[in-house]
Amino acid sequence: MRLSHCGQLRDSLPPARMAEHDPRMRTAMAELRFDVFGKLIAVAKTSAGWTTYLLGQDGKRTAADIVVPAFIEEGEVGQYLADLLHELATPTNNRVVRLPPK
């Protein structure tokens, strides 16, 4: 028996619930990329919901402090990011654009 990072017995959780408690168990299912008012953001659908990343110019990803609720559908993510991050908009960067997959 191994303990998860939150102290629960990992063996006592069904696999679908383990991903909610242990980020190492999350499996990416789809990744969307957006230019959000000039910021490059990746949003990955995982078994536990959505995970967001800031994309650097050098290709590195860092975890973003942006919460996208699990009930948001893939086609709604861009509008959700626009609504959430509208303060980042400027006269020259005033759009949210879905980028092609990498």
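Applying a DSSP loop filter and a limit of 11 other Cβ atoms within 10 Å to the chymotrypsin sites (Phe, Trp or Tyr not before Pro) in the range 45-77 leaves PHE71. Between ASN94 and ILE72, the contour length at 0.36 nm per residue exceeds the alpha carbon distance by 5.7 nm. Amide H contacts under 5 Å for ALA89: none, restricted to partners 5 or more places along the chain or on a different chain, H placed in the peptide plane at 1.01 Å from N.
Scanning residues 5 or more positions from PHE37 or on other chains, those with amide H under 5 Å from its amide H are ARG95, VAL96, VAL97, with H placed 1.01 Å from N in the peptide plane. By the beta-carbon count within 10 Å of each Cβ, the least crowded to most crowded order of LYS45, LYS39, fewest first, is LYS39, LYS45. The base-10 log of I(q)/I(0) for the range 26-99, evaluated at q = 0.14 Å⁻¹, reads -0.40 [Debye formula, identical scatterers on Cα atoms, solvent excluded].
The numbers here are math on the coordinates, done by the rules we state, and not lab data. These numbers were taken from a predicted model, which means no experiment stands behind them. Note that we place each Cβ from the backbone using ideal geometry, even for glycine, and neighbour counts take in every protein chain shown.
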